[in-house]
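Notes to accompany the following structure.
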Ligand code: G3I
């Protein structure tokens, strides 16, 4: 299978392999595509991450597709500290204001990503040696940004990726300089600055037992301190051929039992081999390119397309089973060509983790996700 095949023949051949994919026997125009947000409107909000071009509506296909398919948006990068707060006392709100305006125009929820994260910090913070400077940055950063968008940003990832894989606190500049209460302090500041936005803790692999225990400890500590936490975001960077359904189900149950919302905030299902056989999604991990590690440069073979489709089907069946506990599902990017997984952990690979292909056309997995609702396969599966 190569990219020179038409979408129609591609879809038909995949549908034959999958048996039962009846929607894709001809090329599809956008008006014929079912809408994710409408299909799941009684179940959960469906979001996507947007890059700078998309926020500025400079990408015509995304400008049409995003409002048709999604009712929530997350800035993939432009609210990270390095970009929004590049120097002491200097903020760059241009693109952040634009994503808020975009969301308001299309009546979408806006997820602020993210206030406190050890990665993508501006150089002036990375150079800091004394705790007082870090404390001042931390306080000014949260207060200035959260108050500017109070109520306009629906939900904030207040703290992102604060845990190691064993569930202990990550050895970040914030832990080192501010001590282990910094997470409570961050939520307290956000609560004061943004009383009308919901406040979440967001991380990857927190469906895994050890990291889940660490997350539960954070949530309990916040509650014991009388500080508001409204929800937990499970990022959802998984492998299409190995979605940890049991861990995800246990996590939905355990987190929701704490009386908070559960959401899936950065969903993508990668299909490429991982150089370390690891499930981590740490952006600082890198490996060298080799042809062996990039097996599908010209198109996804049917056998892997089937796995991708099944991975998404299983996941959405599970999401529907727990629709009362799950508030939002956000995909990490609009189409395959724009996914961070083409560049991580090895630069220059060709990955296929999302529901829309490089031409913004819906993939077999898209239709199978729609069918979990319209054909009620959730009932059959559970
Ligand atoms: O801004 C520069 C640009 O000037 C330059 O031309 C370009 C050349 O490579 O690089 C640009 O910066 C890149 C940035 O994305 C914007 O495209 C960085 O190198 C690149 O490292 C950065 O990657 C982002 C990564 O977070 C690190 O911040 C990914 O797009 C983004 O998808 C990823 O998202 C994270 C979530 O925030 C947290 N959870 C994990 C998730 C995946 O790593």
Residue in region 41-62 that is more than 16 Å from the chain's Cα centre (by Cα), away from the ligand (no atom under 16 Å from the Cβ) and crowded, with 21+ Cβ neighbours inside 10 Å present: no
Pick from region 108-125, criterion away from the ligand (no atom under 16 Å from the Cβ) and under 20 Å from the mean Cα position of the chain (by Cα), ranking: farthest from residue 201 (Cα to Cα): 108
Of residues in region 321-341 being more than 10 Å from the ligand (Cβ to nearest atom) and in a helix (DSSP H, G or I), the one nearest to residue 365 (Cα to Cα): 336
Sole exception among (1) surrounded by 15 or more Cβ atoms within 10 Å (Cβ to Cβ); (2) over 15 Å from the mean Cα position of the chain (by Cα); (3) under 30 Å from residue 170 (Cα atoms); (4) away from the ligand (no atom under 12 Å from the Cβ) for residue 83, by number: (4)
Conditions (1) outside any helix (DSSP H, G or I); (2) free of Cβ contacts under 8 Å to residues at least 12 places away in the same chain: number failed by residue 133: (1)
Region 148-169, residues that are more than 16 Å from residue 185 (Cβ to Cβ) and either more than 16 Å from the ligand (Cβ to nearest atom) or surrounded by fewer than 22 Cβ atoms within 10 Å (Cβ to Cβ) (or both): 148, 149, 150, 151, 152, 154, 164, 165, 166, 167, 168
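Quick test for you: out of 183, 145, pick the one residue that is more than 16 Å from the ligand (Cβ to nearest atom) and more than 20 Å from the chain's Cα centre (by Cα).
One residue alone meets the criteria, 183.
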Leading residue by the ranking (nearest to residue 99 (Cα to Cα)) among those in region 63-78 that are within 16 Å of the ligand (Cβ to nearest atom) and part of a loop (DSSP other than H, G, I, E, B): 78
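So if I check each of 115, 199, 175, which one is touching a strand residue (DSSP E or B) at 6+ places or on another chain (Cβ under 6 Å) and without any contact (Cβ under 8 Å) to a residue 40 or more places away in the chain?
Exactly one of 115, 199, 175 is touching a strand residue (DSSP E or B) at 6+ places or on another chain (Cβ under 6 Å) and without any contact (Cβ under 8 Å) to a residue 40 or more places away in the chain, namely 175.
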Within region 90-116, considering residues that are out of contact with any helix residue (DSSP H, G or I) (no Cβ under 7 Å at 6 or more places or on another chain) and under 24 Å from residue 284 (Cα atoms), the one surrounded by the most Cβ atoms within 10 Å (Cβ to Cβ): 111
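Values quoted throughout were computed directly from the atomic coordinates according to the rules given, and no laboratory measurement underlies them. Just so it is clear, the model here is predicted, and its values are computed rather than measured. Note: ideal-geometry Cβ built from the backbone for every residue, glycine included; neighbour counts use all protein chains shown.
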